[in-house]
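Chemist: I'd like to ask some things about the structure below.
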Amino acid sequence: MSMSTRAAIAASIAYDTIMVFEGQFTDHILPDQIHKINLSFLSPRMRREYGGCAGNIAYNYALLGGEAVPMGMVGDDFGPYREHYQRCGIDQRAIRVAADSYTAQCFIVTDLSNNQLAGFHPGAMGRSAEIALAEAGEVAVGLVGPDAPDAMQQHSREMAEAGLPFILDPGQNIVLFSGEQLLEMIDRAPVLVCNDYEAELICDKTGLTLAELAARVDTLIVTRGAEGSVVWQGGAEQAIAPVPAAAVKDPTGCGDAYRAGLLLAMATGRPLLDGARLGSVLGSIKIAVQGCQNHRPTREEIRAQFEQHYGAWPF
């Protein structure tokens with residue numbers, strides 16, 4: 001693919017450490033002792049995964065043959081992630097190291113019923129606003145995802161000022177902004193993507209209905225997990241049928257896989273409906289594998305899945 005697929009992806013880059021407690025939390029959290037919790041869960045199984053929204057989207061975009069340029073601040077411990085990205089052929093020019101800090105990380109303990117206890121340390125991510133869009137070099141499209149709030153505001157402003165077609169994907173960080181701040185970012189973005197729960201949150205915070213929200217952007221896309229997604233454009237909504245997954249192992253990172261499909265459509269001048277279909281294919285491939293960056297389909301496999309579910313390959 002040509003120069004034209006280069007995408008600046010400004011969002012979190014993080015490690016996820018997942019430990020499995022082979023029992024039930026509820027057997028250990030005693031209701032009458034809830035005022036003083038001091039528990040230790042022995043976890044014989046642990047895995048460390050590469051994650052973060054920019055991390056995952058860039059990985060998936062590279063699988064599609066797109067040129068990803070993730071933008072984010074990382075810590076001194078980024079070494080293994082850097083090597084992983086080198087193996088994937090991902091451009092790391094806009095990833096900067098903040099000395100004496102850790103890369104953002106999430107520590108998750110899950111029990112056998114899939115209940116989770118998690119702690120998130122933003123670490124170096126708190127300084128992502130120090131990275132300017134210009135550091136990504138020449139790009140065709142962009143995405144602003146969950147990141148330090150000031151970085152999200154700055155990067156959406158820079159992309160709008162550069163006339164760059166970009167996707168706003170505020171995700172779990174919607175709660176950190178006022179309705180006014182959200183609308184400021186939304187009004188700059190040609191495309192807004194969120195899941196159905198996040199769409200409700202945005203409507204609550206801004207006082208707008210979904211239709212009013214859709215009217216403020218060129219395209220609003222609402223994902224609905226196993227029920228597929230809905231693309232709002234020009235006052236009309238179109239449902240995108242989901243792609244059934246071969247197995248449901250781990251839904252974490254499926255939304256990021258979906259967004260990579262949208263980016264490729266934007267970068268290659270294809271309709272976003274095709275991007276949503278491609279995203280659905282990638283999401284169904286990802287959900288069958290544990291971890292956010294462990295699925296390794298070839299482009300031929302992705303294409304075959306697309307043709308099987310949606311017909312002619314448009315890319």
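Chemist: Mind checking which of Cys254, Phe306, Leu176 is farthest towards the positive end of the chain's charge dipole, using Cβ charges of +1 (Lys, Arg) and -1 (Asp, Glu) about the Cα centre?
Modeler: Comparing the listed Cα positions along the dipole, Phe306 ranks first.
Chemist: Quick one: among Leu168, Leu208, Leu42, which has the greatest mean-square fluctuation in a GNM of the chain with alpha-carbon springs under 10 angstrom?
Modeler: Leu42
Chemist: If you don't mind, there's one more thing I want to ask. Would you mind calculating the gained length between Arg157 and Asp204 on full extension (0.36 nm times residue separation, minus the Cα-Cα distance), in nm to one decimal?
Modeler: Working: separation 47, 0.36 × 47 = 16.92 nm, distance 2.35 nm.
Stretched out fully, the Arg157 to Asp204 stretch lengthens by 14.6 nm.
Chemist: Let me ask something else about it. If we count GluC sites (Glu not before Pro) as exposed when they sit in a DSSP loop and have at most 13 other beta carbons within 10 Å, what is the longest stretch of the chain that avoids them all?
Modeler: On the way: sites that count: Glu22, Glu138.
Counting only loop sites that pass the neighbour cut-off, the longest clear stretch is 139-315.
Chemist: Now for a separate question. How many angstrom separate the Cα center of the stretch 13-69 from the Cα center of the stretch 225-264?
Modeler: Cα centroid to Cα centroid, the span is 23 Å.
Chemist: Which whole number in µm²/s is D for the stretch 11-79 by Stokes-Einstein, with the Kirkwood Rh taken over Cα pairs at 20 °C and 1.002 mPa s? Please report the intermediate quantities before stating the final value.
Modeler: On the way: Rh = 15.3 Å.
Value of D from the Cα-based Kirkwood radius: 140 µm²/s.
Chemist: Kindly state, as a whole number, the per residue volume in cubic angstrom of the convex hull around the alpha carbon atoms of the stretch 10-129.
Modeler: Values: hull volume 15.8 nm³, N = 120.
Expressed per residue, the convex hull around the Cα atoms of the stretch 10-129 is 131 Å³.
Chemist: Which semi-axes, in whole Å and largest first, does the equivalent ellipsoid of the stretch 204-254 have when worked out from the alpha carbon gyration tensor as the square roots of 5 times its eigenvalues? Working shown, then result.
Modeler: Working: eigenvalues 138, 37, 11 Å².
The equivalent ellipsoid of the stretch 204-254 has semi-axes of 26, 14, 7 Å.
Chemist: If you don't mind, another one. Please state the shape class of the stretch 66-176: rounded when a/c is under 1.5, otherwise prolate if a/b exceeds b/c and oblate if not, all from the C-alpha gyration tensor.
Modeler: Details: a/c = 1.76, a/b = 1.39, b/c = 1.27.
In terms of gyration-tensor shape, prolate.
Chemist: Per residue and in cubic angstrom, what volume does the convex hull of the Cα atoms of the stretch 109-249 have? Working shown, then result.
Modeler: On the way: hull volume 21.2 nm³, N = 141.
Taking only Cα atoms, the stretch 109-249 has a hull volume of 151 Å³ per residue.
Chemist: Bin width 5 Å, alpha-carbon pairs only: give the P(r) of the stretch 216-315 as whole percents, running from 0 to the bin holding the largest distance.
Modeler: 2, 14, 25, 26, 19, 9, 3, 1
Chemist: What are the lysines whose alpha-carbon lies under 18 Å from the alpha-carbon of Lys286, with same-chain residues fewer than 8 places away excluded?
Modeler: Filter leaves Lys249.
Chemist: Calculate how steeply helix 196-206 sits against the longest principal axis of the alpha-carbon atoms of the chain, using the helix alpha-carbon long axis, and give the answer as 0 to 90 degrees to the nearest 10.
Modeler: Value to nearest ten degrees: 80.
Chemist: How much net charge surrounds Ile221 when only the other residues with a Cβ under 12 Å from the Cβ of Ile221 are counted, with Lys and Arg +1 and Asp and Glu -1? The partial results should precede the final answer.
Modeler: Numbers: positive: Arg224, Arg259, Arg277; negative: Asp169, Asp196, Glu198, Asp218, Glu237.
The answer is -2.
Chemist: Counting only DSSP beta bridges with both residues in the chain, tell me the antiparallel percent, nearest 5. Show your work: numbers first, answer last.
Modeler: Numbers: 23 of 51 bridges.
If we restrict to bridges inside the chain, about 45 percent are antiparallel.
Chemist: Which net charge results for the neighbourhood of Ile18, defined as the other residues with beta-carbon distances under 14 angstrom from its beta-carbon, given Lys and Arg at +1 and Asp and Glu at -1? Mind dumping the intermediate values first?
Modeler: On the way: positive: Arg45, Arg47, Arg48, Lys249; negative: Asp16, Glu22, Glu49, Asp111, Asp250.
That sum, taken over residues with Cβ under 14 Å, equals -1.
Chemist: Taking the Cα centroid of the stretch 84-162 and of the stretch 270-290, what is the distance between the two, rounded to the nearest whole Å?
Modeler: What the calculation gives is 22 Å, centre to centre.
Chemist: For a quick protection proxy, order the peptides 228-235, 216-223 by their average other-Cβ count within 10 Å, most packed first. Walk me through the numbers before you get to the answer.
Modeler: Working: 228-235: 17.1, 216-223: 21.0.
Peptide ranking by packing, descending: 216-223, 228-235.
Chemist: Classify the chain: rounded, prolate or oblate, from the alpha-carbon gyration tensor (a ≥ b ≥ c, eigenvalue square roots; a/c under 1.5 rounded; otherwise prolate if a/b is larger than b/c)? Display every interim value, and only then the final one.
Modeler: On the way: a/c = 1.35, a/b = 1.31, b/c = 1.03.
Rounded shape, in that the Cα axes give a/c under 1.5.
Chemist: Next up: So what is the calculated 222 nm ellipticity per residue for the chain, using -39500 (n - 2.57) for each DSSP H run with n of 4 or more, over all residues, to the nearest 500 deg cm²/dmol?
Modeler: Numbers: 9 runs with 102 residues, N = 315.
For the chain, the value works out to -10000 deg cm²/dmol.
Every number in this text was worked out from the coordinates using simple rules, so none of it is lab data. These numbers were taken from a predicted model, which means no experiment stands behind them. All Cβ positions, even for glycine, are placed from backbone atoms using ideal geometry, and neighbour counts span all protein chains on display.
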